[in-house]
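Step one of this worksheet: look at the structure below.
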Amino acid sequence: VASSTSIVCTEVIWVALGFCLFLKGKLSKKAILAIFITFAGSLLIAYADSGAGEVHLYGDLLALIAAVAVAIYTLIGRIVRNQVSTSVYTYVVYVSCDVVLLFTCLIKSYALFDYGMSAVIVGLLLALFSTILGHSIFSWCLKYFSPAFVSASKLCEPVVAGVLAGFLFGELPGVFQLLGGVLILGGVLWYSRMEA
């Protein structure tokens, strides 16, 4: 859990690179160094997880793909939010996600119901807190703050998730995972301060 959430936090770095490549932004030499520090942290986590088996590396790869996907979404949001209100933007995003999820379930023949009441309650809580209160606030912020700053505000996630994983699942990160996580969060935080 700590490894994957730390790798997902590299979203800030991907946003910075995308901002330079596609939105004609510029990166200073210090920002480039911060990117390399973050990348080194990701490599340390991958190295530590390689000893734990392919499943852990696969999880790291999925976390990296998630970071790039969220970065692309954040950059698109930055462009769209200049012309569209938060309500319209989040409505289009949520409906699009619902349609894709529904079609994926139908194509893969996944059941849409019969998961029990606890799954319904958890789904509703995720929708309320993570999506409506969490995600919508980030979408609103994209109009007023830089995409890198909005991404950096999510940095408490690996710390909280890592602590919860320790208590709930007994997952304690190893030395290289901790060092990699510190490098990632340090590089992202340093870049975010430069951005601010």
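For the range 119-161, residues that are at pLDDT 75 or above and basic (Lys, Arg) total 1. Of all residues in the range 60-71, none satisfies being within 16 Å of the chain's Cα centre (by Cα), over 21 Å from residue 185 (Cα atoms) and open to solvent by less than 30 Å² (accessible area, probe 1.4 Å). Going through (1) among the small types (Gly, Ala, Ser); (2) within 30 Å of residue 24 (Cβ to Cβ); (3) touching a Ser or Thr at 6+ places or on another chain (Cβ under 8 Å) one by one, residue 146 falls short only on (3). Beta carbons closer than 9 Å, at least 6 apart along the sequence or on distinct chains, pair a first residue in the range 113-126 that is small (Gly, Ala, Ser) with a second that is open to solvent by 100 Å² or more (accessible area, probe 1.4 Å) for 123/115. Among all residues of the range 86-103, there is at least one that is at pLDDT 90 or above and either among the aromatic types (Phe, Trp, Tyr) or part of a loop (DSSP other than H, G, I, E, B) (or both).
Of everything in the range 133-149 that's aliphatic (A, V, I, L, M) and open to solvent by less than 90 Å² (accessible area, probe 1.4 Å), which residue is nearest to the chain's Cα centre (by Cα)? So, considering only residues that are aliphatic (A, V, I, L, M) and open to solvent by less than 90 Å² (accessible area, probe 1.4 Å), the one nearest to the chain's Cα centre (by Cα) is 148. Residues of the range 37-56 that are surrounded by fewer than 17 Cβ atoms within 10 Å (Cβ to Cβ) and modelled with pLDDT under 80: 39, 43, 47, 50, 51, 52, 53, 54, 55. Closer than 19 Å to residue 59 by Cα and at pLDDT 80 or above, is that true of residue 164? Yes; evaluated as a whole, the condition is true for this residue.
Scanning the range 16-25 for residues that are under 30 Å from residue 174 (Cα atoms), open to solvent by less than 50 Å² (accessible area, probe 1.4 Å) and assigned to a helix (DSSP H, G or I) turns up at least one hit.
The values are calculated or read from the model by the stated rules, or taken from the named source; none is laboratory data. The structure displayed is predicted, hence computed values, not measured ones. For neighbour counting, all protein chains shown are included, and Cβ atoms are generated from backbone atoms with ideal geometry for every residue, glycine included. Surface areas here come from the heavy atoms of the whole protein model, side chains and all, with no ligands, DNA or RNA. Shrake-Rupley method; radii C 1.70, N 1.55, O 1.52, S 1.80 Å.
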